[in-house]
Amino acid sequence: MTDTRALILGCSGPALTDDEKAFYREVQPWGFILFGRNIESLDQIRRLTDDLRATVPGRHAPVLIDQEGGRVQRIRPPLADKYPSGADLGAIYASDREKGLRAAWLMSRLHAFDLLKLGIDVDCLPVLDVPVAGAHDVIGSRAYGHDPETVTAMGRAAAKGLKDGGMLPVMKHMPGHGRAGADSHHNLPVVDAPRDVLEAHDFAPFRAMRNELMAMSAHVVYTAIDPERPGTTSKIVIDEIVRGHIGFDGLLMSDDTSMNALAGTIGERARDIVAAGCDIVLHCNGVMAEMQAVVAEAPVLQGKSKARADAALAGFTEPDASDEAALRAEFFALFPSA
């Protein structure tokens, strides 16, 4: 069997091209990720995930998606219910803690009902970023609240809902994107807060949930830690904060390589991601020339990174015996105007 490459890759459309099939067979990415451009119908999604996995036979390749709710929901009505945002869930928590935690669990458990039958088994959730006043809205309503205690409690409930449904969560964006003053899809956010403030506020939810199996990095510069490089490509941030202060020893994937917060060519970005200590290079847009450039820099999955990837895959469990219709009715009764 060909060695697995330290990569998660997207694809260009709702069905694989012959070139994509041949490419994935050759490079053997660890996993795949879907976006709105890959979504047409439930049967089509299932065929696509089957076809993706058929290119990497003999092992389980996770298929990821960003299905948060609110404005970040790749599978939308009529293929899936319209789900509320993290902030909507947080508003329930603010008035009734137990009801809020139940809402966060329910929504994730419903995501699992929606996604697992389509062959999607990893949801890039929970968002553990803690926004501050004046920050860019790129996180905004995606966050559960504006204090680390709320975000941690709701994040734990959301992660448990996915795991109880047979899926795995990915915490994002480690070590924290909430203070960023720019949208990292387009520009490089620079955060000037002192390290003690970052540790007490931004990093705290990740530290509290450090035993989860997977996390996604933040394309954010923290000048108090490394004024030169964003977290994704900073060995200092990954060694001292992610692996050190936070204590996370799970699988760390980069945020998307093609986001313009990162400098250099696509290949240079991938090289920097690997050199900094991310276990997996994530590339999302399915553009073949970009994927080829990323592959040229992405190593075979080995050593600690392979051990973390194997541990993540070993974390999948069978779904619980929840009644989908009952949970769906309970959840949407919390949002009568939805």
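The values are calculated or read from the model by the stated rules, or taken from the named source; none is laboratory data. Since the structure is predicted, the reported quantities are computational estimates derived from the model, not experimental observations. In this analysis, Cβ positions are derived from the backbone assuming ideal geometry, glycine residues included, and neighbour counts consider all displayed protein chains.
A few points about this structure:
- Within region 6-15, considering residues that are hydrophobic (A, V, I, L, M, F, W, C) and surrounded by 21 or more Cβ atoms within 10 Å (Cβ to Cβ), the one farthest from Ala289 (Cα to Cα): Ala6
- Within this structure, Leu106 fails the test of being within 13 Å of Leu334 (Cβ to Cβ) and crowded, with 23+ Cβ neighbours inside 10 Å.
- So Ile266, is it within 17 Å of Ser184 (Cα to Cα), modelled with pLDDT of 95 or more, buried (at least 21 other Cβ atoms within 10 Å of the Cβ) and hydrophobic (A, V, I, L, M, F, W, C): yes
- The residue that is farthest from Gly166 (Cα to Cα), among those in region 62-106 that are touching a strand residue (DSSP E or B) at 6+ places or on another chain (Cβ under 9 Å) and assigned to a helix (DSSP H, G or I), is Asp88.
- Screening Asn260, Asn285 for residues that are at pLDDT 95 or above, under 20 Å from the mean Cα position of the chain (by Cα) and part of a loop (DSSP other than H, G, I, E, B) leaves exactly one candidate, Asn285.
- Number of residues in region 107-149 that are closer than 22 Å to Val197 by Cα and part of a strand (DSSP E or B): the value is 1.
- Members of region 145-170 found to be within 21 Å of Ser217 (Cβ to Cβ), surrounded by fewer than 24 Cβ atoms within 10 Å (Cβ to Cβ) and of a type outside the set (S, T, N, Q), listed by number: Pro148, Arg156, Leu168
- Inclusion of Asp129 among residues that are modelled with pLDDT under 95 and either in contact with a strand residue (DSSP E or B) (Cβ under 6 Å, 6 or more places away or on another chain) or not aliphatic (A, V, I, L, M) (or both) is not warranted.
- The residues in region 42-61 that are part of a loop (DSSP other than H, G, I, E, B) and touching a helix residue (DSSP H, G or I) at 6+ places or on another chain (Cβ under 7 Å) can be counted, and the count is 4.
- Test: residue in region 33-41 that is closer than 24 Å to Leu252 by Cα, in contact with a Leu (Cβ under 7 Å, 6 or more places away or on another chain) and in a helix (DSSP H, G or I): no
- Candidates Ala311, Ala307, filtered to the one that is of a type in the set (A, V, I, L, M, F, W, C), more than 30 Å from Val191 (Cα to Cα), in contact (Cβ under 8 Å) with a residue 12 or more places away in the chain and part of a helix (DSSP H, G or I): Ala311
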